[in-house]
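Student: First the structure, which I've put down as structure tokens, then a few questions once you've had a look.
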Amino acid sequence: MSENPVTAKSAKQINDELLSSLGPPTLRWYLLAFFLGVVVAWGLAMFIWQMTHGMYVTGKNRPVMWGFYITGFVFWVGLSHSGTMVSSILRLSRANWRRPILRAAEAMTVFCITVAGMFPLIHLGRNWTFYYMIPYPNQRGLWPNFRSPLLWDMTAITVYIIGSSLFLFLGLLPDLAVARDRSSGWRQKVYAVLAMGWRGTSHEWSVYRKASTLMAALIIPVAVSVHSIVAWDFAVTVVPGWHSTIFPPYFVIGAILSGVAAVITLMVIIRKAFHLEEYLTPLHFDNMGKLLLVISLLWSYAYFVEVQTTWYAHEPIEWEVFSFMSGRYTTQLLIMLTGNCLLPIICMCFKRLRRSIGVMLVVSLLVNVGMFIERFLIIVPSLSHKNMPFVWGSYSPSWVEISVNLAALAGFALLFTLFAKFFPIMALSDVRELEARQSGVPLGRTRLPSIAGEE
Amino acid sequence: PYAVRVFNFYPHEWPKPLDNQLSPDITVRSRGVMEKCSFCIQRIRRAKEEATGEGRLIKDGEVQPACAQTCPAEAMVFGNLADPRSRVSRLSRSPRRFKLLEHLGTHPSVFYLKGGGREHV
């Protein structure tokens, strides 16, 4: 990579720069954490209000029993596919430009799925009885219904949280060792415990490499199955507009789109916040932009296919749902199509736009806005105009639901802020591995690579 | 029956004498619980227990869900669909019958009879 200025730096310099975010928190950090904490506390207060007063504080009513909470749930599960797709796939395809992006993407996965896992609990009519879903012998005579996709949800999300946390922790081990060696006091004790005695021997590195590759390969089917299971929440019902076999692949593609866009947004933010301009170069944005183009094309095709098969079959209730959706929610539909299809496909075709940080930020934010609207437009119009016309109704979100969704966003941002303060936001060992691989030994008139190895 | 699922959004209070309408056989659903038509399962169970206790089968028309019992026009008939001689079985073979959402393969247990019938004559 001729463009990589990182190779000109020494190891110490790279370490210093990438670990600069681990210093004592500045006033700016405290202010940000405080602001996010306030939003999260407000959301928590709203949730407690809802729990003590009743579900009538939300906008849900017969027949639309799934509103903003389930929209938020599917949206955050979709976002959690960022780390899997970016980190695993790029790791397995051995693309070098993955290195600065890995850590942020993996951390994003863990925090997104944690936030997503809160939503089914928030959405329960009797939140305090959530433990009914856990299969243990009890005196109630109840056993969870394994035929219900909601239970498959619980299983899948638990597996995904555990899997992605392990994936993140595995990648963090060498970096935690570097942080341990450079810190003192209580921090050093914490890092020492977390680093699990990593000493950087060649045996440890070879085990690490094998384990990372294995985890990267294993987390992909988990991610695909998690979002397929969430899609089956809808697809195994008989609600018109949901009763379609395209839902699992459609949701997985949507998740990849939303995840890739979120990683781009995150890249822009951490590049600015931690002064990592030399590590996250326009080349990385260029490549992520190409990825975004491909996924956006795929998503547009999937959406087109869904609409086209509905139109072709012309089954009365299915077409009625689609007409209702496009008639009542026209603005939202147009915003979604612009954000998910038009903008990414048109803008990402041009190298100059892909390399422009501002354009990437706007496009990626609009993709995620479009994806949230898309989840809403799948859930609410189908429920509003279900099979029996005598229960057709409408839905509008209440301030409780909006607050909880905003608090979820703030909660994710808060978790990420805390993470970035205590753990290196960039995969230190990966970046230095590239620098080591590319550094050469002068021999006569040539420079030979100093490290022999497969790449 | 479809679309009779009701969610208890509010905590309901039943000041006297409104609590007379509550059935003593089943739990009163609290706030946050979903409910729907259960074909008055408590009455079916009670009838089965009595019949087993007396060593006989349930007679046709012995079990009446609350809706069938209340209806002054006697528009609802309940019984054992598996017994071909019961009134509900005979009515379910009527040429006037239709089911809702049959094309979805949900096998509903409710048959509706279109107009123009003379069964009561």
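Coordinate-derived values only; no laboratory data. Values in this document were obtained by computation on a predicted structure and should not be read as measured data. Every residue, glycine as well, gets a Cβ built from its backbone with ideal geometry; the counts of neighbours run over all protein chains shown.
Student: Counting Lys +1, Arg +1, Asp -1, Glu -1, what net charge surrounds A:Trp29 among other residues with beta carbon under 15 Å of its beta carbon?
Tutor: Residues near A:Trp29 contribute +3 overall.
Student: Using the beta-carbon distance between A:Gln13 and A:Ile89 and R0 = 45 Å, what value does 1/(1 + (r/R0)^6) give for FRET efficiency, to the nearest 0.05?
Tutor: Using R0 = 45 Å, I get an efficiency of 0.90.
Student: I'm a student and want to see the number: the projected area of the Cα convex hull of the range A:42-190, averaged over all directions, in nm².
Tutor: 13.7
Student: Can you tell me the mean projection area, over all orientations, of the convex hull of the range A:100-147's alpha carbons? Units nm², please.
Tutor: For the range A:100-147, averaging the hull's shadow over all directions gives 5.0 nm².
Student: For the pair B:Ser30 and A:Val238, how long in nm is the line joining their label points, each one 7 Å along Cα→Cβ?
Tutor: 3.3
Student: Further question on the same structure: Under a crude label model (7 Å from the Cα following the beta-carbon direction), how far is A:Thr330 from A:Ile346 in nanometres?
Tutor: If labels sit at A:Thr330 and A:Ile346, their model points lie 2.0 nm apart.
Student: While we're looking at this one, here's another question. In nm, what is the difference between 0.36 nm times the number of residues separating A:Ala436 and A:Ala313 and their Cα-Cα distance?
Tutor: 38.4 nm
Student: Averaged over peptide B:3-13, how many Cβ atoms belonging to another chain are found within 10 Å of each residue's Cβ?
Tutor: So the per-residue partner count for this stretch is 4.
Student: Length gain on complete extension for the stretch A:Ala273 to A:Arg447, per 0.36 nm per residue less the alpha carbon to alpha carbon distance?
Tutor: The span from A:Ala273 to A:Arg447 would gain 59.0 nm if fully extended.
Student: Output the pairs from A:Lys12/A:Lys421; A:Lys60/A:Lys290; A:Lys12/A:Lys290; B:Lys36/B:Lys114; B:Lys59/B:Lys99 with a Cα-Cα distance over 31 Å in this structure; if there are none, say none.
Tutor: Correct reply: A:Lys60/A:Lys290; A:Lys12/A:Lys290.
Student: Quick check: convex hull over the Cα atoms of the range B:1-104, volume per residue in Å³, rounded to an integer?
Tutor: 155
Student: Then there is this: Label the range B:51-94 by shape, choosing from rounded, prolate and oblate, from the square roots a ≥ b ≥ c of the eigenvalues of the Cα gyration tensor; if a/c is under 1.5 it is rounded, and otherwise prolate applies when a/b is larger than b/c, oblate when it is not.
Tutor: It comes out oblate by the Cα gyration axes.
Student: Just to confirm a number: summing +1 for Lys and Arg and -1 for Asp and Glu over residues other than A:Arg352 whose beta-carbon lies under 15 angstrom from that of A:Arg352, what do you get?
Tutor: +3
Student: Given a Förster radius of 30 Å and the C-beta distance between A:Trp49 and A:Asn138 as r, what FRET efficiency does 1/(1 + (r/R0)^6) yield to the nearest 0.05?
Tutor: Between A:Trp49 and A:Asn138 the formula returns 0.50.
Student: Another one. Which order results if A:Met51, A:Met288, B:Met34 are arranged by neighbouring Cβ count within 10 Å, fewest first?
Tutor: Listed from fewest to most nearby Cβ atoms, that is B:Met34, A:Met51, A:Met288.
Student: Is the C-alpha gyration tensor of the range A:7-115 telling us rounded, prolate or oblate? Criteria: a/c under 1.5 is rounded; beyond that, a/b larger than b/c is prolate, otherwise oblate.
Tutor: Oblate shape, in that a/c is at least 1.5 and b/c is the bigger or equal ratio.
Student: Return the whole-Å distance between the Cα centroid of the range A:112-130 and the Cα centroid of the range A:54-86.
Tutor: Answer, in whole Å: 10.
Student: Calculate the mean, over all residues of peptide A:122-135, of how many other protein chain Cβ atoms lie within 10 angstrom of the residue's Cβ.
Tutor: Partner-chain Cβ atoms within 10 Å, mean over residues of A:122-135: 1.
Student: What list do you get for B:Lys99, A:Lys60 if you sort them by fewest beta carbons within 10 Å?
Tutor: So the ranking, lowest neighbour count to highest, is B:Lys99, A:Lys60.
Student: Also, I was wondering about something else. Can you run phi through the Karplus equation (6.51, -1.76, 1.60; θ = phi - 60°) for the range B:59-73 and list ³J(HN,Hα) in whole Hz, with x for Gly and Pro?
Tutor: Values, residue by residue: 7, 5, x, 6, 8, 10, x, 4, 5, 5, 5, 7, 5, x, 8 Hz.
Student: Oh, and also: In the neighborhood of A:Phe75, defined by Cβ-to-Cβ distances under 15 Å, what is the net charge if each Lys or Arg adds +1 and each Asp or Glu adds -1?
Tutor: Once all neighbours under 15 Å are counted, the net charge is -3.
Student: Just tell me, in residue order, which DSSP H segments of chain A are both 24 angstrom or longer along the helix axis (alpha-carbon based) and at least -0.5 in mean Kyte-Doolittle hydropathy.
Tutor: Membrane-span-like by this criterion, though nothing is claimed about a membrane: A:27-53, A:102-123, A:149-182, A:202-235, A:247-273, A:282-313, A:357-384, A:399-422.
Student: So what's the back-of-envelope 222 nm ellipticity for the protein assembly as shown, counting only DSSP H runs of four-plus at -39500 (n - 2.57) apiece and dividing by all residues, rounded to 500?
Tutor: Helix-only estimate at 222 nm: -19000 deg cm²/dmol.
Student: Mind checking the range A:150-215 for trypsin sites (Lys or Arg not before Pro) that DSSP puts in a loop (not H, G, I, E or B) and that have at most 14 other Cβ atoms within 10 Å?
Tutor: A:Arg199
Student: Give me Rg over Rh for the range A:294-377, both radii from the alpha carbons and Rh done the Kirkwood way, two decimal places.
Tutor: That ratio is 1.06, to two decimals.
Student: Under a plain spin-label model, where a point goes 7 Å from the Cα along Cα-to-Cβ, how far apart in nm are B:Glu62 and A:Ser396?
Tutor: Using points 7 Å along Cα→Cβ, the separation is 5.5 nm.
Student: Please order A:His203, A:His275, A:His81 by the number of other Cβ within 10 Å, starting at the fewest.
Tutor: Lowest count first: A:His203, A:His275, A:His81.
Student: Sticking with this structure for a sec: Does the range A:356-409 come out rounded, prolate or oblate, given a ≥ b ≥ c as the square roots of the eigenvalues of its C-alpha gyration tensor, rounded meaning a/c under 1.5 and, failing that, prolate meaning a/b above b/c?
Tutor: oblate
Student: Now for a separate question. Multiply the residue gap between B:Arg87 and B:Glu74 by 0.36 nm, knock off their C-alpha separation, and tell me the result in nm, one decimal place.
Tutor: Working it through step by step, the gained length comes to 3.4 nm.
Student: Also, I was wondering about something else. From the mean inverse distance of alpha carbon pairs (Kirkwood) and the Cα radius of gyration, derive Rg over Rh for the protein assembly as shown.
Tutor: 1.07
Student: Defining a contact as two alpha carbons under 8 Å apart and six or more residues distant in sequence, what relative contact order in percent does chain A show?
Tutor: Relative contact order for chain A comes out at 30 percent.
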